[in-house]
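Below you'll find the structure, written out as structure tokens, and then a few comments.
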Amino acid sequence: MAGRGKPVTDEDTLTGFLLGSIGELNKNRHPNFLVVEKDTTINEIEDTFRMFLNRDDIGIILIYIAETVRLALDAHGRSIPAVLEIPSNKHPHDAAKDSILRRAKGQFAAEDLR
Amino acid sequence: MEVQALREELDSKCLQLLSDLEELEAKRAALNARVEEGWLSLAKARYAMGAKSVGPLQYASRMEPQVCVRASEAQDGPQTFRVIKANAQIPEEVGPSEASLRRRKGPTKTKESGSSVVPQDPLNWFGILVPHSLRQAQASFRDGLQLAADIASLQTRINWGLSQLRGLQRKLKELDPGPA
């Protein structure tokens, strides 16, 4: 499967990754990114995230505002598309809330290692 | 004994998982550093070109990606992700030594006659002669893309390792109930 990176992020990070030549805006004007501004609603972010999850040409989703889609993110169990939580100057990466690290932490309960 | 072999396999899986987690944290730190470099370069470019010159208003009305992600799955193991050029020849990417399967959906697209057009460099959205800091920003974020693909592969491997570990623990509980 050939996919594309999908940035859902703030302005500077989005501009930077689009400079990396991963942006796509086809003739139907369907972008593979979402510019999140002050007036962007959480519902809009969630809908866009779920749409990206369901597209079959997507391999990796880059997202920084992971808290707003935490439920959809934790419910996503497939390996494709992979969801990467990337840093933002307003939302630094919090390892305690990372899905991968939380699953790994839950694996090492004391009873299971006895 | 079967229980002993199972315990040894469990230990090796645990060690592999922990080393993968350590590698994940290292790559995360590297990605953070690259993105921060990119932000700084973008700020310098904005300082040189004007505050309104670098931003979503300058995005092209039509974009064609120059890089895309290829997901490959080993016959027994997790998927890996690689960032490749969008116009790369697919047969050249797959050598006979690569024992991996590529997931395909639908028939292969027939190449259009216009596919020979060179994709536009996103730098040109912001002007013909752009400052060096904008090129530096582009390089930083391109390095970040490679790191992102590595992190995606690591996340997939960690999830796969976690499921393997859980299966082994369940099997061990069946064979050896333990002190309880």
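The values are calculated or read from the model by the stated rules, or taken from the named source; none is laboratory data. Keep in mind the model is a prediction, meaning the values are calculated, not measured. Here the Cβ is made from the backbone with ideal geometry for all residues, glycine too, and neighbour counts use every protein chain on show.
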Checklist entry - What are the residue pairs meeting all of these: first residue in the stretch B:38-58, first residue assigned to a loop (DSSP other than H, G, I, E, B), second residue of a type in the set (K, R), Cβ atoms under 9 Å, and 6 or more apart or on different chains? => result B:K52/B:R46; B:S53/B:R46; B:V54/B:R46; B:G55/B:R46
Checklist entry - Looking at (1) buried (at least 19 other Cβ atoms within 10 Å of the Cβ); (2) at pLDDT below 90, which is the only condition B:R142 fails? => result (2)
Checklist entry - Given the conditions (1) of a type in the set (A, V, I, L, M, F, W, C); (2) modelled with pLDDT under 85; (3) in a helix (DSSP H, G or I); (4) within 22 Å of B:Q58 (Cα to Cα), which single one is not true for A:V8? => result (3)
Next on the checklist: Tally up the residues in the stretch A:61-79 that are more than 14 Å from chain B (Cβ to nearest Cβ), crowded, with 17+ Cβ neighbours inside 10 Å and more than 22 Å from B:Q146 (Cα to Cα), please.
Outcome noted: 2
Checklist outcome for this item: Residues of the stretch B:123-159 being hydrophobic (A, V, I, L, M, F, W, C) and more than 8 Å from chain A (Cβ to nearest Cβ), in sequence order, are B:W125, B:F126, B:I128, B:L129, B:V130, B:A139, B:L147, B:L154
Next on the checklist: Can you confirm whether B:K52 is more than 9 Å from chain A (Cβ to nearest Cβ), within 21 Å of B:L145 (Cα to Cα) and either at pLDDT 80 or above or exposed (fewer than 13 other Cβ atoms within 10 Å of the Cβ) (or both)?
Outcome noted: no
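Take A:F17 and tell me if it is within 28 Å of B:L134 (Cβ to Cβ), surrounded by 12 or more Cβ atoms within 10 Å (Cβ to Cβ), within 10 Å of the chain's Cα centre (by Cα) and in contact (Cβ under 8 Å) with a residue 40 or more places away in the chain. Lay out the reasoning, then the answer.
Values: within 28 Å of B:L134 (Cβ to Cβ): yes; surrounded by 12 or more Cβ atoms within 10 Å (Cβ to Cβ): yes; within 10 Å of the chain's Cα centre (by Cα): no; in contact (Cβ under 8 Å) with a residue 40 or more places away in the chain: yes.
Answer is no for this residue.
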Item to check | Residue count for the stretch A:26-73, restricted to those that are assigned to a loop (DSSP other than H, G, I, E, B), within 21 Å of B:C68 (Cβ to Cβ) and modelled with pLDDT of 80 or more | outcome: 8
Checklist entry - Going by the conditions given, is A:E24 under 11 Å from the mean Cα position of the chain (by Cα) and either of a type in the set (D, E, K, R) or closer than 23 Å to B:F141 by Cβ (or both)? => result no
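Here's the yes/no breakdown for (1) of a type in the set (D, E); (2) touching a residue at least 24 places away in the same chain (Cβ under 8 Å); (3) out of contact with any strand residue (DSSP E or B) (no Cβ under 6 Å at 6 or more places or on another chain):
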| residue | (1), (2), (3) |
| --- | --- |
| B:Q120 | no, yes, yes |
| B:W125 | no, yes, yes |
| B:L129 | no, no, yes |
| B:Q136 | no, yes, yes |
| B:Q146 | no, yes, no |
| B:T156 | no, yes, no |
| B:N159 | no, yes, yes |
